[in-house]
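Colleague: My structure is below; once you've seen it, I'll send some questions.
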Amino acid sequence: MTALDVRPADLSGDDFQTSDVHRWVHAVAEVVQPERVVWCDGSAAQDAELTALLVEQGTFIPLDPVQHYHSHLVRSAPDDVARVEDRTYICSTREDDAGPTNNWREPGAMRAELGRVFTGSMRGRTMYVVPFSMGPVGGPMSLLGVEITDSPYVVVSMRVMTRIGSGPRALLEAGRPWVKAVHSLGAPLVDDAGVRTADVPWPSNPTKHIAHFPETREIWSFGSGYGGNALLGKKAMALRIASAVARDEGWLAEHMLLIKVTSPEGRAHHVAAAFPSACGKTNLAMLRATLPGWTVETIGDDIVWMRQGPDGRLRAINPEAGLFGVAPGTGWSTNPTAVEALWGNTIYTNVALTDDGDVWWEGKTDAVPEHLVDWRGQDWTPGSGTPAAHPNSRFTVPARQVPSISPDWDSPEGVVLDAVLFGGRRASNVPLVAEARSWEHGVFMGATVSSEQTAAAAESTVGVLRRDPFAMLPFCGYNTADHWAHWLRMGQQLGERGRPRVFAVNWFRKGADGRYLWPGFGENSRVLAWVVRRLEGRAGAQDAPAGLVPLPGELELDGLDLDERALAELFAVDPAAWLQEARATEEFFDRFGDRVPRQLREQLADLRARLAPAAPAAPAAPARTAAA
Ligand code: OXD
Ligand code: MN
């Protein structure tokens, strides 16, 4: 190894020796008892060594180097394929600080449990120490972390997803604050009696714990090697821990994409958007505008950190350096930009392998290959009756490879944020687009993000709203109602001039025949154009129960095959259905008791008043003709 390579008993050779990091690494090593400790420097040479090791172990399958420069396929264990939300814990001192939508564990009890499972958990393995930065190294909005892991797959993935190496290390040595993250596969190679067993390509443990201690800024993850369970800079640190830090320090850490939208006149606006998982965030982040003259550039596809800048405006960064995207459904017809980003330097997990060393997943191409090796490593044909790629299979790729990446995607000071969108997968009620009437109404829109359950769920739950406030349900590191209060406080702190405008969007509304009314994908640029025109004061709106919707003629629809009836249905208001939704919202709010901010109860009362029979008639549908 090129970096320091020392035994736990000999950590004094490390140049972190006087720092908290050194003491912590030493203490962790004493518990997990690795065979050796390797400090990761982020260098290409170390990455090449680890890649060679992963190939040798059978974890990495090298892909055809002509079609896929420096790219590899990994197959996980079949029972370690996704985040484990039921094993994900928030360990705040008080249960109320975790709230009813998180799994709470009393910190002392959790530490005792973790002590049991982590003791000796790295026996026979190498313990890697990965200093990393979320956000540009040394940037005013960035945060440092150190992940300890016994998975080389995690190290090479962290090198793509975060900034690791000497830069963060120098800042740690200078005494900057940092987040402690410990990850173990829970698969020691040497047992209590000292007997060694052979390794497997994807080690893991049937028992899994993903524990967060927001008060001490610590993450302890055991038993899983997959994605958000193991790449601890992402959901665990950049959302769960960072959201709690942001609450304390007056900023925001959110589950959002971030784009730059430029109008035909060349004016740029930055837009962040929160959607629950699997609602097409990556597609919107890489949208190819169909509306002539408009362009969309990518800044981030999953996480946004926002802080008030020196000029009083809210500024935003993407704290990640890579994409950990869901492969199925990302294809030449739905997101060609993402597919183009995958020209090389990509780690594929749980996708299928073609006979000529290429990768494939459902939706990558319209034509389905005649024969594949599926994500389990078994022969597959179109008649197999099972997916070739796991539905949660992933690509891990550097963000700089995305062809639509904005030149300021890694600006340390971030970009000024002009608008925030909230969206869910809503077959009914929620119109294509509506602007919030006020900051409080915008927070209400975020707090009521939800998706209707589809036929994939049990029949009894079809149509039932699954709540996902701010799209943060599995990612908020504290009480969700306090998160709403924090957004209200941020609005006050930012003031009228500093805060972004807020919109709700819904690409998924269906007609009476069950078909989607809106084509989505590139055509969503028409909605972004209306949002931008609102920001510029150039588009009119009318009041509707959901918010301010486009005036007739103000949504640019030229060249779109959308009939009048579909357009009317995209904005139709069914007061009875909305009142039913308001009742469901009240029940949801009641779960949080008196922690729900008064302003959100007022917004709910306001919605009901707008739906009362005496309220003015529903707004006219935006007419088909373009205004611009
Ligand atoms: C993700 C998710 O992996 O939201 O980004 O689940
Ligand atoms: Mn996500």
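Colleague: Quick check on this structure: which one of Tyr128, Tyr153 is under 23 Å from the mean Cα position of the chain (by Cα), buried (at least 24 other Cβ atoms within 10 Å of the Cβ) and at pLDDT 95 or above? Steps first, answer last, please.
Modeller: Values: Tyr128 fails: under 23 Å from the mean Cα position of the chain (by Cα).
Within the list Tyr128, Tyr153, the selection yields Tyr153.
Colleague: Could you tell me how many of the residues in region 377-403 are in a loop (DSSP other than H, G, I, E, B) and out of contact with any Lys or Arg (no Cβ under 7 Å at 6 or more places or on another chain)?
Modeller: Count: 13.
For (1) under 30 Å from Phe475 (Cβ atoms); (2) at pLDDT 95 or above; (3) assigned by TED's automatic domain parsing to the domain that holds Ser221; (4) within 26 Å of the chain's Cα centre (by Cα), each residue gets a yes or a no:
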site	(1), (2), (3), (4)
Arg7	no, no, no, no
Gly13	no, no, no, no
Ser43	no, yes, yes, no
Leu50	yes, yes, yes, no
Gln67	no, no, no, no
Ser76	yes, yes, no, yes
Thr93	yes, yes, yes, no
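Colleague: Check region 309-322 and report whether any residue there is β-branched (Val, Ile, Thr), within 27 Å of Pro136 (Cα to Cα) and in a loop (DSSP other than H, G, I, E, B).
Modeller: First, pick out the residues of region 309-322 that are β-branched (Val, Ile, Thr): 317.
Filter once more, so that each one left must be within 27 Å of Pro136 (Cα to Cα): 317.
Checking which are in a loop (DSSP other than H, G, I, E, B) leaves us with none.
The answer is no; no qualifying residue exists.
Colleague: Sticking with this one: Going through Arg489, Arg515 one at a time, which residue ends up being surrounded by fewer than 21 Cβ atoms within 10 Å (Cβ to Cβ), more than 22 Å from Asn283 (Cα to Cα) and among the basic types (Lys, Arg)?
Modeller: Matching residue, one of Arg489, Arg515: Arg489.
Colleague: Which members of region 160-176 meet the condition of being closer than 16 Å to Asp410 by Cα and basic (Lys, Arg)? Please lay out each step first, then the result.
Modeller: Applying the first criterion (closer than 16 Å to Asp410 by Cα) to region 160-176 yields 160-164, 167-168.
Answer for region 160-176, where residues must be closer than 16 Å to Asp410 by Cα and basic (Lys, Arg): just Arg163.
Colleague: While we're looking at this one, here's another question. When both residues are 6+ apart or on different chains and their Cβ atoms are under 9 Å apart, which pairs have a first residue that lies in region 138-153 and is in contact (Cβ under 8 Å) with a residue 60 or more places away in the chain and not assigned by TED's automatic domain parsing to the domain that holds Ala230, and a second that is in a helix (DSSP H, G or I) and of a type in the set (Gly, Ala, Ser)?
Modeller: none
Colleague: A further question on this structure: From the list Glu602, Glu581, Glu586, which residue is loosely packed, with under 15 Cβ neighbours inside 10 Å, in contact with a Leu (Cβ under 8 Å, 6 or more places away or on another chain) and under 22 Å from Ala481 (Cα atoms)? Working first, answer last.
Modeller: On the way: Glu602 fails: in contact with a Leu (Cβ under 8 Å, 6 or more places away or on another chain); Glu581 fails: loosely packed, with under 15 Cβ neighbours inside 10 Å.
Only one candidate passes the filter, namely Glu586.
Colleague: Next question. When you scan region 180-198, do you find a residue that is of a type in the set (Lys, Arg) and surrounded by fewer than 24 Cβ atoms within 10 Å (Cβ to Cβ), even just one?
Modeller: Checking region 180-198: at least one residue is of a type in the set (Lys, Arg) and surrounded by fewer than 24 Cβ atoms within 10 Å (Cβ to Cβ).
Colleague: In region 236-246, which residues are surrounded by 24 or more Cβ atoms within 10 Å (Cβ to Cβ) and more than 20 Å from Val25 (Cβ to Cβ)? If you could, list the steps in order and put the result at the bottom.
Modeller: Applying the first criterion (surrounded by 24 or more Cβ atoms within 10 Å (Cβ to Cβ)) to region 236-246 yields 236-244.
Within region 236-246, Ala238, Leu239, Arg240, Ala242, Ser243, Ala244 qualify.
Colleague: How many of the residues making up region 231-275 are over 20 Å from Met445 (Cα atoms), within 16 Å of ligand 2 (Cβ to nearest atom) and in a loop (DSSP other than H, G, I, E, B)?
Modeller: 2
Colleague: Conditions: (1) in contact with a helix residue (DSSP H, G or I) (Cβ under 8 Å, 6 or more places away or on another chain); (2) modelled with pLDDT of 95 or more; (3) surrounded by fewer than 22 Cβ atoms within 10 Å (Cβ to Cβ). Pro336 meets all but one. Number of the miss?
Modeller: Result: Pro336 passes all but (1).
Colleague: I need a count of the residues in region 317-353 that are away from ligand 2 (no atom under 16 Å from the Cβ) and farther than 26 Å from Arg75 by Cβ.
Modeller: The number of residues fulfilling the criteria is 4.
Colleague: At least 2 residues that are in contact (Cβ under 8 Å) with a residue 12 or more places away in the chain, buried (at least 16 other Cβ atoms within 10 Å of the Cβ) and of a type in the set (Val, Ile, Thr) in each: list the strands (runs of 3 or more DSSP E) lying fully within region 49-115 that qualify.
Modeller: Here the list reads 88-90.
Conditions tested, residue by residue: (1) modelled with pLDDT under 95; (2) under 29 Å from Ser184 (Cα atoms); (3) within 14 Å of ligand 1 (Cβ to nearest atom).
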site: Leu232; (1), (2), (3): no, yes, yes
site: Ala238; (1), (2), (3): no, yes, yes
site: Ala244; (1), (2), (3): no, yes, no
site: Trp251; (1), (2), (3): no, no, no
site: Glu254; (1), (2), (3): no, yes, yes
site: Thr262; (1), (2), (3): no, no, no
site: Gly266; (1), (2), (3): no, no, no
site: Ala272; (1), (2), (3): no, no, no
site: Phe275; (1), (2), (3): no, no, yes
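Colleague: Further question on the same structure: How many residues, within region 426-475, are within 20 Å of Val573 (Cβ to Cβ), modelled with pLDDT under 95 and within 16 Å of ligand 1 (Cβ to nearest atom)?
Modeller: The total comes to 1.
Colleague: With the requirement that a residue be part of a helix (DSSP H, G or I) and hydrophobic (A, V, I, L, M, F, W, C), what does region 595-610 give you?
Modeller: Step one: of region 595-610, the residues part of a helix (DSSP H, G or I) are 595, 598-610.
Leu600, Leu604, Ala605, Leu607, Ala609, listed by residue number.
The values are calculated or read from the model by the stated rules, or taken from the named source; none is laboratory data. Computed from a predicted structure; not experimentally measured. Glycine gets a Cβ as well: all are built from the backbone with ideal geometry, and neighbour counts include every protein chain shown.
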